[in-house]
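A quick write-up on the structure given underneath.
The values are calculated or read from the model by the stated rules, or taken from the named source; none is laboratory data. As the structure is a prediction and not an experimental result, all values here were calculated from the model. Positions of Cβ are generated from backbone atoms using ideal geometry, with glycine treated the same way; all protein chains shown enter the neighbour counts. Each accessible area value is taken on the protein alone, full model and side chains, heavy atoms only, with ligands, DNA and RNA left out. Shrake-Rupley method; radii C 1.70, N 1.55, O 1.52, S 1.80 Å.
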Amino acid sequence: AGRYAADAALRPERSGSTARRGRLPAGFGGPPLTVHSADDGHVVLTRSLTAQLPGVYGLVGRDCRAVVGPVLDGEPAKAPPDTVVRRLERLDHGELRPGTKVWLTPQLFADAPAPKTGRGAGTGTDTADGTAPAPLSGSASAPAPVEVPGELGPLPAWFVPGVRGTWIVTLHGLGAGPAQALPLLPFYEGLKTPVLGLSYRGDAGAPPPPDGVRHLGDTEWRDVEAAVRYAVRGGARRVVLHGWSSGASMALRAAEELSAPAAAASGPGTLDPSDSADVAGRIAGLVLDSPILDWRGTVRALAASRHTPRALLPLAVRAAQGRARVRPERMRQIADPAAVDVPTLLLHGPDDTVASWERSKELARARGESVTLHTVPSAPHAAMWNADPEAYEERLRRFLTPLL
C-alpha cells in the first residue's frame, strides 16, 4: 500500500484515465468537469470550486484540448443552474461537446514531441515527427528543439534565442512537462533573454532513472547542472533558474551545489571535473514557483489524493524515502536556507494543497535579505501565473531587470 501511494511522487501516473485525458500536473487530477455547451466564445461547465478558479487555464479531455479564461458572471443569460460560464480563449483540437468530461490544468500548451537522437540533434529543426513547434501567440519565434548532453544521455529541450548574456533555464514541475513555461515566452522575448526549457531524467524522450524511480531532486539536480553547462557553452555569462513545484526544488539544490568552484569540483554528479569551473558561480538568481520544500508533506498530500486511507499515509512516506534513497532530513528540508545566497523570487500562496505554504514563508523569513516572497491568493499548486498573469509578470520583470 505504501509503495502504491508513493508512486504518486516517484512514478507520475500515466495509465488508465490519465492516459486518455493527457498528463495532468500534481494537484489537478480530481473529479472531472462536465461540458454543458461551448459556443460564441463561451464554455459552460458544471459548477465546482475548481471550475470557478480565477485566471487562465488549459482544459483537457479525451481527444480535446482548449484554453479557458475568467469566469463570466451572468453570461450567457440562459445558462443552466449549477453551472459556470468561462470565456473560451481557443480550441486547440477536438470538440467540446455536451457531456464531454474535462479537467482544468495550469499547462496551456501540450508538450511537443521530443527531438530525435542522432540525426539533426541540437540543430533546432528536427523533432520526433519531423516538424518544428509553431510560434506561440504573442511570440515572435518558435521554440526550437535541441538536445542537452546529460549524465545519463541526451536530454530533450527547447530553445528560444535572445541577445542578453543572461539565460533563463526553465524546470517544469511534478506531473507537468517542459511546455509548462511556454505561456511566459512572450514575456521573456520582451526582455530579449535566451530561454532553455529542459526535460530531465524520467521525462518522455529523456533517459530513465537507472532504478526506475525519481529521487525527489537528489539526483535530478545533475540534469540542471548539465543545462547550466549547455547555456555557458552557448554563450551565457549568467543563468537564472525558473522552476515550478519539484523543478523549483531542483533549482534550489543546483544553486546550493554550484554556488562555489570548490563545491562544484568536489560534489557528486559532475559530468566532467575538468570544466566544473564553467558552471560554478554562474547561477545569478532563482525564480521559485510553488517550491516543494517538504517532500514528506507533499508525498502525504499526493497519496491522499489517491484516496489512500489516512492510517496508511506514514507508510507512503517511508516507502518514498526508501525507494528514492533519500535521507530522512532531506525529506524534511530540501535546501539549507543558509545556502540560498543568490537573489530569489518566491511565488506561492496559501491555497496550495501539494507544496507547503508554511515552509515557503519560513524560507522567506530566514533569508529575507535575498528571498522575496510574492503571495498569490486563490491559486492551486504551480498555478501562480494562471491565477493572475499580469501581476505575475510584473513581479517577475522587477526581479529580473537588475540581473540582466
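Surface composition of the range 29-105: carbon and sulfur atoms hold 52% of the protein heavy-atom accessible area at a 1.4 Å probe. Amide H to amide H, with H built 1.01 Å from N, residue 88 comes under 5 Å of 42, 43, 69, counting only residues 5 or more places away or on other chains. Ranking 220, 189 from most to least accessible surface, computed with a 1.4 Å probe over the protein chains only, gives 189, 220. FRET efficiency for the residue 373 to residue 233 pair, using the beta carbon distance and R₀ = 41 Å, is estimated at 0.75. Charge tally for residue 342 (other residues, Cβ to Cβ under 12 Å; Lys, Arg +1; Asp, Glu -1): 0.
Rg/Rh, computed from the Cα trace of the range 144-401 with Rh as the Kirkwood radius, has the value 0.94. Sites listed here are trypsin sites (Lys or Arg not before Pro) in the range 175-256 whose DSSP assignment is loop and whose Cβ has at most 12 other Cβ atoms within 10 Å: 192, 237. Taking each residue as 0.36 nm, the span from residue 391 to residue 403 lengthens on full extension beyond its C-alpha to C-alpha distance by 2.4 nm.
Estimated at 0.36 nm per residue, the fully extended path between residue 358 and residue 204 surpasses their Cα-Cα distance by 52.2 nm. Converting phi to 3J(HN,Hα) with the Karplus coefficients 6.51, -1.76 and 1.60 and the offset θ = phi - 60°, the range 305-320 yields 5, 8, 6, 5, x, 3, 5, 9, 4, x, 5, 4, 5, 5, 5, 5 Hz in sequence order, with x at every glycine or proline.
Histogrammed with a bin width of 5 Å, the alpha carbon distances of the range 29-105 distribute as 3, 18, 34, 28, 14, 3, 0 percent, first bin at zero. Once C-alpha pairs closer than 8 Å and six or more residues apart are averaged by separation and normalised to the residue number of the range 144-401, the relative contact order reads 16 percent.
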